[in-house]
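Reading through the structure tokens given below for one structure.
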Amino acid sequence: MGLTSATLMILVTALAVGGLVCSALWLWPRLSARTWGAVAGRVGVLAGTQALTLMAIGLLVNNYFGFYGSWGDLLGTHAVPAPGVREGGRAGTLRGEEVRPETNLRVIRTANVHINGNFRRSAGQLKEVMIPGPSTGLSTLAYVYLPPQYFAKEYARTRFPVIVGLTGYPGDPRNLISRMNMPAVAARAIEEGRMPPTVLVLTRPTVAPPRDTECMDVPRGPQVETFFTKDLKEAVARSLRVATTPAAWGVLGGSTGGYCALKLSMRHPEAYSAAVSLSGYFQPPVDATTGDLFGGSRRLREENDLMWRLAHLPHPPVSVLVASSRQGESNYLSTLRFLDAVRPPMRAASLILPSGGHNFTTWNRELPQALPWLANRLTTRAGARPAAPDPELVPAPRRPGPSG
């Protein structure tokens, strides 16, 4: 029974409610004596009913926020999946040719994307894939959105820009579809002419579960930064008709994914030219989920602190959008400080809501602006300059006023 299955949720909830009712109406009166056995019984009843209640609440919260997608994620026993399904006698890849399966995306399944309730017309394809990392030994599950133009004859020689979408920690890439509906948001924006046809690669930063690596190359540990700046890009480029220049690649994320998006672009402008951070932070935490990220190196800790980078290192030629809320977000003041510190050639814009919490509801309000903003900063033309700032978003060479 899966961790996120409705059956498990219903079963545990029913047991919790049943346990409370049974203990209140039947067991408790029978355990009212002042004997050691009755006392032990009352303690057991309290412990059992509270455990079931906490389990039901935990499952509900996990299903809502998508912290863990499976028992393996929760228990830290996640194993690298087996090679993808074979189609027509070959290893299933996005191009279909016989290739080394450890270097290309491996297709698990494909579905059509629909918008506006029109199920007769496809708005592109969504492919569930495994992304291998031959140089790092890592791999991860992802979902690739291909816009309808990808399959059109007039675009047969076109190489498309790419946006990598990242969840928070620990995250489940399915949340970018089921909770944020990113493929449909992109399809609608493309259809309405608000963003160019763009390929989306939707995944999570937790590629070495259960550890939260904050997208770092951990000394003597998982090389997650290299996975996202090298392995992922190479696997996508080998498997899809996409542009390979950094000007054609952007990254967007929420919470931990937002920090990762900013860091990957600021530390690696040769990989990503633009980034969007939704409710992201600017310094990596160090706690029980991260372990020692820096191997005792002060320099490494400082280089992964985005505020330190802005104060002490040359600013990279990238464009970033940071989103927060005046009320409800703990990163509001740090977001203003980040914006105030940005100098050319780096460019920054803000999307500040009047109020909104650290949750999918807030990110769903921001995504219809943030996703086109990012797509319009990407270009597949060699030597082309980034697009001008969107007038609806506030550029921030100095401390900006709040924008909505």
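A few remarks follow.
- Yes/no for residue 105 being within 30 Å of residue 15 (Cβ to Cβ) and at pLDDT 70 or above: no
- The one condition in (1) in contact (Cβ under 8 Å) with a residue 24 or more places away in the chain; (2) more than 18 Å from residue 143 (Cβ to Cβ); (3) not aromatic (Phe, Trp, Tyr) that residue 182 fails to fulfil: (2)
- Residue satisfying all of: in the range 109-125; closer than 15 Å to residue 200 by Cα and of a type in the set (A, V, I, L, M, F, W, C); surrounded by the most Cβ atoms within 10 Å (Cβ to Cβ) among these: 123
- Residue pairs whose Cβ atoms lie under 8 Å apart, separated by 6 or more positions or on different chains, with the first residue in the range 112-125 and part of a loop (DSSP other than H, G, I, E, B) and the second at pLDDT 90 or above and surrounded by fewer than 15 Cβ atoms within 10 Å (Cβ to Cβ), are 122/112; 123/112; 124/112.
- Search result, residues across the range 217-230 that are out of contact with any Cys (no Cβ under 6 Å at 6 or more places or on another chain) and surrounded by fewer than 24 Cβ atoms within 10 Å (Cβ to Cβ): 217, 218, 219, 220, 221, 222, 223, 226, 229, 230
- Matching residues in the range 365-398 - criterion: being at pLDDT 95 or above and open to solvent by 40 Å² or more (accessible area, probe 1.4 Å): 365, 368, 369, 376
- Matching residues in the range 275-286 - criterion: being touching a residue at least 60 places away in the same chain (Cβ under 8 Å) and either under 21 Å from residue 359 (Cβ atoms) or in contact with a helix residue (DSSP H, G or I) (Cβ under 6 Å, 6 or more places away or on another chain) (or both): 275, 276, 278, 279, 285
- Top-ranked residue in the range 173-199 [being under 12 Å from the mean Cα position of the chain (by Cα) and open to solvent by less than 20 Å² (accessible area, probe 1.4 Å); ranked as nearest to residue 224 (Cα to Cα)]: 173
- Flag for residue 244 being out of contact with any Leu (no Cβ under 8 Å at 6 or more places or on another chain) and within 17 Å of residue 284 (Cα to Cα): no
- Residues that are open to solvent by less than 10 Å² (accessible area, probe 1.4 Å) and closer than 16 Å to residue 318 by Cα, drawn from the range 236-252: 248, 249, 250, 251, 252
- From 122, 70, residue being modelled with pLDDT under 95, polar (S, T, N, Q) and touching an Asp or Glu at 6+ places or on another chain (Cβ under 9 Å): 70
- On inspection, residue 207 does not qualify as over 30 Å from residue 303 (Cα atoms) and touching a strand residue (DSSP E or B) at 6+ places or on another chain (Cβ under 6 Å).
A quick yes/no check of all residues on (1) open to solvent by 20 Å² or more (accessible area, probe 1.4 Å); (2) modelled with pLDDT of 95 or more:
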{"position": "275", "(1), (2)": "no, yes"}
{"position": "287", "(1), (2)": "yes, no"}
{"position": "300", "(1), (2)": "yes, yes"}
{"position": "303", "(1), (2)": "yes, yes"}
{"position": "309", "(1), (2)": "yes, yes"}
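- Hey, residue 154 charged (D, E, K, R) and assigned to a strand (DSSP E or B) or not: no
- Selected residue (criterion: nearest to the chain's Cα centre (by Cα)) from residues of the range 333-358 that are surrounded by fewer than 16 Cβ atoms within 10 Å (Cβ to Cβ) and over 19 Å from residue 265 (Cα atoms): 357
The values are calculated or read from the model by the stated rules, or taken from the named source; none is laboratory data. Just so you know, these numbers come straight off a predicted model, no measurement behind them. Quick reminder, even Gly has a Cβ in these numbers, built from the backbone with ideal geometry, and neighbours come from all protein chains shown. With ligands, DNA and RNA removed, areas are computed over all heavy atoms of the protein, side chains included. Shrake-Rupley method; radii C 1.70, N 1.55, O 1.52, S 1.80 Å.
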